[in-house]
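Undergrad: Shown below is the structure under consideration.
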Amino acid sequence: SEVEYGLAGPGMCVRARPPLAPGVIAAGVSIAGVPVAGLNAADAKRAVIAQHVAPRRQPLIVTFRGRNLRIDPPKVGYVADVAYAVKVALLYGRSHAVPATGVTVPLKQRVNRAKLIATLKARAARYSIPARNASLTLKGVKPVVRKARIGITINVAKSATKVTKAIITRDRPRYA
């Protein structure tokens, strides 16, 4: 808590925060929305992993034409740099002042795009339907008409961008 010091002159007080214990995160600091104030580095790391990272490591359900596809975030290279975020959080209250409204340290997260694209290409091959032109052929003397068919393919590059965003935000249970 804050204490008042009467150092500014008669009747004037200055509010100051008590000194921080070494290795403890200052009041008002959170990492990616996870409150970590008053925690040491190890406890803060555990809290962020449990509350923010672990849910993003769970399989992501992507729906395509009524079928559910599971994307496993660790297999497509999802990583979060929790250690770096904790180091930054420890700086607040020491080398950076903590604003009265608090501060949220962002968490660096990424997905390995090459691994994700490889996974999506493998899945897309199963669900793609090649387009076909209409044709007229003869089988002996009988004409055979083959109707045209509209093809369906997955835009892998666009899908990779959407799946990456879905893994990192996780704001819905399923994604189309």
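Undergrad: For residue 120, indicate whether it is among the hydrophobic types (A, V, I, L, M, F, W, C) and either more than 27 Å from residue 167 (Cβ to Cβ) or at pLDDT below 90 (or both). It would help to see each step written out before you state the result.
TA: Details: among the hydrophobic types (A, V, I, L, M, F, W, C): yes; either more than 27 Å from residue 167 (Cβ to Cβ) or at pLDDT below 90 (or both): no.
So residue 120 fails the test.
Undergrad: OK, next. Inspect region 139-151 for any residue being assigned to a helix (DSSP H, G or I) and without any contact (Cβ under 8 Å) to a residue 40 or more places away in the chain and give the result as yes or no. Write out each step before concluding.
TA: Within region 139-151, the first condition is being assigned to a helix (DSSP H, G or I), and the residues that meet it are none.
The answer is no; no qualifying residue exists.
Undergrad: Scan region 96-117 residue by residue and report those that are part of a loop (DSSP other than H, G, I, E, B), surrounded by 12 or more Cβ atoms within 10 Å (Cβ to Cβ) and among the β-branched types (Val, Ile, Thr).
TA: Of everything in region 96-117, those that are part of a loop (DSSP other than H, G, I, E, B), surrounded by 12 or more Cβ atoms within 10 Å (Cβ to Cβ) and among the β-branched types (Val, Ile, Thr) turn out to be 98, 111.
Undergrad: Of the residues that sit in region 75-95 and are in a strand (DSSP E or B) and free of Cβ contacts under 8 Å to residues at least 40 places away in the same chain, which one is surrounded by the fewest Cβ atoms within 10 Å (Cβ to Cβ)? Let's see the steps before the verdict.
TA: Applying the first criterion (in a strand (DSSP E or B)) to region 75-95 yields 79-80, 92.
Now narrow it down to the ones that are free of Cβ contacts under 8 Å to residues at least 40 places away in the same chain: 79-80.
Working: 79: 14, 80: 20.
Among those that are in a strand (DSSP E or B) and free of Cβ contacts under 8 Å to residues at least 40 places away in the same chain, it is 79.
Undergrad: Now a separate question. So residue 132 ticks every box in (1) of a type outside the set (A, V, I, L, M); (2) under 30 Å from residue 73 (Cα atoms); (3) in contact with a strand residue (DSSP E or B) (Cβ under 7 Å, 6 or more places away or on another chain) but one. Which box is left unticked?
TA: Against the list (1) of a type outside the set (A, V, I, L, M); (2) under 30 Å from residue 73 (Cα atoms); (3) in contact with a strand residue (DSSP E or B) (Cβ under 7 Å, 6 or more places away or on another chain), residue 132 comes up short only on (2).
Undergrad: Which ones in region 118-176 are surrounded by 10 or more Cβ atoms within 10 Å (Cβ to Cβ), more than 21 Å from residue 63 (Cβ to Cβ) and among the hydroxyl-bearing types (Ser, Thr, Tyr)?
TA: The answer is 135, and nothing else.
Undergrad: Sort out which residues of region 118-129 are assigned to a helix (DSSP H, G or I) and either without any contact (Cβ under 8 Å) to a residue 40 or more places away in the chain or small (Gly, Ala, Ser) (or both), and write them in order of number.
TA: Filtering region 118-129 down to residues assigned to a helix (DSSP H, G or I) leaves 118-127.
Once the filter is applied, which keeps residues that are assigned to a helix (DSSP H, G or I) and either without any contact (Cβ under 8 Å) to a residue 40 or more places away in the chain or small (Gly, Ala, Ser) (or both), region 118-129 yields 118, 121, 122, 124, 125, 126.
Undergrad: Filter region 48-69 for residues that are touching a strand residue (DSSP E or B) at 6+ places or on another chain (Cβ under 6 Å) and either without any contact (Cβ under 8 Å) to a residue 12 or more places away in the chain or not in a helix (DSSP H, G or I) (or both); which is most open to solvent (accessible area, probe 1.4 Å)?
TA: Initial filter on region 48-69 (touching a strand residue (DSSP E or B) at 6+ places or on another chain (Cβ under 6 Å)): 48, 51-53, 59-63, 68-69.
Narrowing the set further to residues that are either without any contact (Cβ under 8 Å) to a residue 12 or more places away in the chain or not in a helix (DSSP H, G or I) (or both) leaves 59-63, 68-69.
On the way: 59: 46, 60: 3, 61: 38, 62: 21, 63: 44, 68: 89, 69: 19 Å².
For region 48-69, the residue satisfying everything is 68.
The values are calculated or read from the model by the stated rules, or taken from the named source; none is laboratory data. Note that the structure is a prediction, hence the values are computed from the model and not measured. Note that we place each Cβ from the backbone using ideal geometry, even for glycine, and neighbour counts take in every protein chain shown. These accessible areas exclude ligands, DNA and RNA; they are computed on the full protein's heavy atoms, side chains included. Shrake-Rupley method; radii C 1.70, N 1.55, O 1.52, S 1.80 Å.
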